[in-house]
Amino acid sequence: MNKRYYLLIVLLLFIAKVNAQFIGYYNLRDGGVDMPNSKLYILPNNEFVLFYYAGYMAGKWKEIDKNTISLTQTKTMNSPFIVLASNDESEKTKINVYGLNLANAFINFSKDTTATKEFQPIFNVGANCLANDYTIEKKNGDYNWFTLTTPSNPEISKSLVLKYPYRAMSYTFPIDKKLTLYRVLYNEDAIRGEFEMMISKKNGIYSTYSEKKLERENLTDAMLNGIETGRKAVDKEYDFSRYGTPINTFSSKEVIIYKPSINPIFISKCDNDKEDTTTDDENNLKYKMPATDRANGFYEVVNYKEYNFDVQKYKLAKEPSVTKNDILSVNKIISDYGGYEIEIVFTKTGSVKFAEFSKRNIRKPMAVVVNNFIVSAPIFASEITGGKAKIKGDFSEKEIDELIFNLKNK
């Protein structure tokens, strides 16, 4: 046999052997009393299927090295809104929004897609005990489009107190005069990042990246048949075609949602709901900033002990590692979690100093001092070489503006 072909066959057999050590069934044992465990199947064709309490996801896996593989989900939806339309012979256009109570969704109706949009909240924040079919009605022919928004970061939707402004994705749908009833459903997974997971094998033990141990079983014909049966059952359960014709998104883009000047279309109150009477300033002032006699700048914390995050007890270096003179610009930007934060851009010299500062303080805090207060004390996770820093905190917009003023005026 030709030596080249012999080596190729040996190489292919080696790769197949490495691949095979991960192929199998894994019970993730992540369930509870009322929630079943997730089941992961790693298949020979470099695909995987993960069944979890709400359905399943599928994707591809690949080798990182001979003892590690990574799994990446294949996304099937781009829009979190599923719109299904039918004709109920009504003289009004009706939008059923029952499924949007936890989406923090806003809505706008328009004649054309270029019109300036004022978005109105559909539900009050935290509405979670809906008991009726919530339907918005408009006279037929009055509008040609409706646009829905939801926060770009799905974590914002879990908050009972929204911080404005925040970034949102908007999705515009056409209104067909022949279709009078539109049902809107919400799929949060569509705006989440792709699911990723790593599995490694060391000393015969399988584990995830978070060191959670896994038990692997060989695949059987019964398992493979069960995968197909399970996928078909879930697909059938989530087949909403009985509600009408799917309506495709006409356009989508990112928008900024500011605190609304108009009330929600629907107000839902639960029996145990307590009205939030605190003002924005009261919410934001819960963060108490420790006083210090140090000048404005970025300081090392000289008495820091690992996992001791009591900022009130921090002792700062006598001189700042990075000073106000190292700042090129200070800007107010919208946080990924809603509200505002401060972005600082350093000079060329300041960028070098800040990179060195962060490098020698990895896993340690940096104290940011403005106007004789420690306004932020984040932990460095790694060296920061981009020449920028952010100040985050539970600040009102008024406090943010005051901090920026003090940072800009040297």
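Just a few scattered comments:
- Within the stretch 384-410, if we keep just the residues that are of a type in the set (Lys, Arg) and within 25 Å of the chain's Cα centre (by Cα), the residue that is surrounded by the fewest Cβ atoms within 10 Å (Cβ to Cβ) turns out to be Lys390.
- Only one of the numbered conditions (1) touching a helix residue (DSSP H, G or I) at 6+ places or on another chain (Cβ under 7 Å); (2) in the same structural domain as Ala222 (by TED's automatic domain parsing) is not met by Ala103, and that is (2).
- Residues of the stretch 150-189 classified as at pLDDT 85 or above and either among the aromatic types (Phe, Trp, Tyr) or loosely packed, with under 15 Cβ neighbours inside 10 Å (or both), total: 9
Here is a yes/no grid of residues against (1) in a strand (DSSP E or B); (2) surrounded by 15 or more Cβ atoms within 10 Å (Cβ to Cβ); (3) hydrophobic (A, V, I, L, M, F, W, C); (4) under 27 Å from the mean Cα position of the chain (by Cα):
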| position | (1), (2), (3), (4) |
| --- | --- |
| Glu341 | yes, yes, no, yes |
| Thr349 | no, no, no, no |
| Phe354 | no, yes, yes, no |
| Met366 | yes, yes, yes, yes |
| Val375 | yes, yes, yes, yes |
| Ser382 | no, no, no, yes |
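- Residue match in the stretch 346-360 (condition: out of contact with any Pro (no Cβ under 8 Å at 6 or more places or on another chain) and under 15 Å from Met289 (Cβ atoms)): no
- Strands (runs of 3 or more DSSP E) within the stretch 158-264 that include 1 or more residues farther than 30 Å from Ser90 by Cβ: 166-174, 196-202, 205-208, 251-257
The values are calculated or read from the model by the stated rules, or taken from the named source; none is laboratory data. Only a predicted model underlies this, so the values are computations on that prediction, with no experimental measurement involved. Glycine gets a Cβ as well: all are built from the backbone with ideal geometry, and neighbour counts include every protein chain shown.
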